[in-house]
Structure formats: structure tokens, C-alpha cells
Amino acid sequence: AKAVAKSTTLMYLCLNKTAMDHVGAKEMAAALKSNTSVVFFCAFENEFGDSGAEAFATAIKSNATLVKLNLMYNEIGVAGAIAFADAIQSNSALEYFFLAGNSVGDSGAKAFADAITSNATLKNLKLQENKISDVGGKTFVHALKVNSTLTTLDFDGNFMCAATVAKIDALVTRNASRPADAAEEVKAERLCRAGKLRNW
């Protein structure tokens, strides 16, 4: 972890299936918090749960270089999901976030839905197999009416009705079909309103 914190050349770091517990997760999260070179971090199928997730969430709040984060199958529940949702509201770098195979539930889904109404960077969010019902799915229907940057949202393996999934797919497809320059303009305007850009 100390080597990661000091590295200025490391760009891709994968620690999959290493039995990383919450202690190891906290150490790695602290390293990522100060690292300025890693753009892709992957640590799926470990054991760090909500405690480790909260540490990673704290890290991405201040990390301005991480673009892709894969934390699938890590026993992350509602508390971890809420921490991540809070973090992405202030993060303007992360574009791909993979959380499939956890247990964020409807409360975690709602937290993410609320977060994407103010996040203008995230493009791809994977929440397959997360015990999300139609209640959680419908919160994304409302959020995507505001969000214009999320172009991939995966819910396979949850418990949502076909009508809700179809509405989400239609809104995500709308975002994906936006011209690049229009999407960038919307992103810049929303960042400006959040106080992250000036002179817009």
C-alpha cells in the first residue's frame, strides 16, 4: 500500500480474489487517496464489506485521477452503498463504477439514484445482483430524467418488473444518443452549478 501511495507511474492495479479484509481495504484506500496516477483499480471477490467500502468511498471523494473502479462481490451492503453515493456527488473523475454481486438493496439504490442527479461524470454503473426491487428501480427512473451523462446502467439479477426496466433503458438510451458536444455542455453546466467550474 505504501508503494501505491508514492507511485507516480502505476496506472492499473488489480487485487482480485486476494481475501482482502476491511483492514487491508482501509490501507489500500488510504494509498489511493494520495495516489495521483492510478486510473483503474479492481478488487473484486474479496471480503472487506461495508467497513472497507466506506474507506474506499472516503478515498474517491478526494481522488481526482481514478476513472474506473471495480468492487464487485465484496459483501457491500446499504451502509457501503450510501457512503459511495455520497462520494460520487463530489467526485468529478470516476466514469465507470462496478458494484455487481453485493447487497445494496433498495436503500442503496435510492442513494445512488439521488447521487446521479448531481454527478455529471459517471457514465457506467453496474448494480447487477444487488437485491434491488421495483421500489429501488423506480428511484432511477426519476433520477434519469435529470441525469444526462449515465449511458450504461445494469440491473440484471435483481427483482424489478419489466416496465420499470424498460423505462430505465429508454432513458439511458436517450443519454447514449446525445451528441458528444451537447453532452459535454450539459456536464460543464452542471459542474459549474455545483461550484466545480468557473466562468460558465
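Determine the gain in length on full extension of the stretch Phe40-Ser107; use 0.36 nm per residue of separation and subtract their C-alpha separation, reporting nm with one decimal. Display every interim value, and only then the final one.
Numbers: separation 67, 0.36 × 67 = 24.12 nm, distance 2.72 nm.
Roughly 21.4 nm would be gained on extension.
Once you have a ≥ b ≥ c as the square roots of the Cα gyration tensor eigenvalues for the stretch 123-183, tell me rounded if a/c is under 1.5, and otherwise prolate or oblate according to whether a/b is larger than b/c.
Working: a/c = 2.43, a/b = 1.93, b/c = 1.26.
Because a/c hits 1.5 or more and a/b exceeds b/c, the stretch 123-183 counts as prolate.
Place a +1 charge on the Cβ of each Lys and Arg in the chain and a -1 charge on the Cβ of each Asp and Glu, then give the dipole magnitude about the Cα centre in debye, rounded to the nearest 20.
Working: 21 positive and 20 negative charges, 135 e Å.
For the chain, the charge dipole is close to 640 debye.
Run the numbers on the stretch 39-179 and let me know its relative contact order in percent, using alpha-carbon pairs under 8 Å that are six or more apart.
Numbers: 315 pairs, mean separation 27.1, N = 141.
Once divided by the residue count of the stretch 39-179, the mean separation gives 19 percent.
If you take the charge dipole of the chain about its Cα centre, with +1 on Lys and Arg Cβ and -1 on Asp and Glu Cβ, which of Asn16, Asn130, Ala170 is farthest toward its positive end?
Ala170
For the stretch 1-144, with the dipole built from +1 on Lys and Arg beta-carbon atoms and -1 on Asp and Glu ones, taken about the Cα centre, which of Cys42, Ala100, Ala3 lies farthest toward the positive end?
The residue sitting farthest along the positive end of the dipole is Ala3.
For the pair Ser92 and Glu27, what calculated FRET efficiency results from E = 1/(1 + (r/R0)^6), where r is the Cβ-Cβ distance and R0 = 25 Å, to the nearest 0.05? Show your work: numbers first, answer last.
On the way: r = 26 Å, r/R0 = 1.02.
E between Glu27 and Ser92, to the nearest 0.05, is 0.45.
Using the structure shown, list the pairs from Lys6/Lys126; Lys61/Lys138; Lys2/Lys131; Lys26/Lys126; Lys2/Lys123; Lys6/Lys131 with a Cα-Cα distance above 32 Å, or answer none. Walk me through the numbers on the way to the answer.
Values: Lys6/Lys126 30 Å; Lys61/Lys138 27 Å; Lys2/Lys131 36 Å; Lys26/Lys126 23 Å; Lys2/Lys123 30 Å; Lys6/Lys131 38 Å.
With Cα atoms farther than 32 Å apart: Lys2/Lys131; Lys6/Lys131.
So with the 1.4 Å probe, I'd like the accessible area per residue for the chain, rounded to whole Å².
Working: 9310 Å² over 200 residues.
Ligands and nucleic acids excluded, the result is 47 Å² per residue.
Averaged across orientations, what area in nm² does the convex hull of the alpha carbons in the stretch 38-117 project? Write out the running numbers ahead of the final one.
Numbers: hull surface 17.3 nm².
With every direction weighted equally, the projected area is 4.3 nm².
Using a ≥ b ≥ c from the Cα gyration tensor of the stretch 18-63 (square roots of the eigenvalues), is it rounded, prolate or oblate, where a/c under 1.5 gives rounded and otherwise the larger of a/b and b/c decides, a/b for prolate? Display every interim value, and only then the final one.
On the way: a/c = 2.07, a/b = 1.50, b/c = 1.38.
Prolate is the answer for the stretch 18-63, as a/c is 1.5 or above and a/b outweighs b/c.
The values are calculated or read from the model by the stated rules, or taken from the named source; none is laboratory data. Just so we're clear, the structure is a prediction, and the values are computed from it rather than from any experiment. Methodologically, a virtual Cβ is constructed for each residue, glycine included, from the backbone with ideal geometry; neighbour enumeration extends over all protein chains shown. These accessible areas exclude ligands, DNA and RNA; they are computed on the full protein's heavy atoms, side chains included. Shrake-Rupley method; radii C 1.70, N 1.55, O 1.52, S 1.80 Å.
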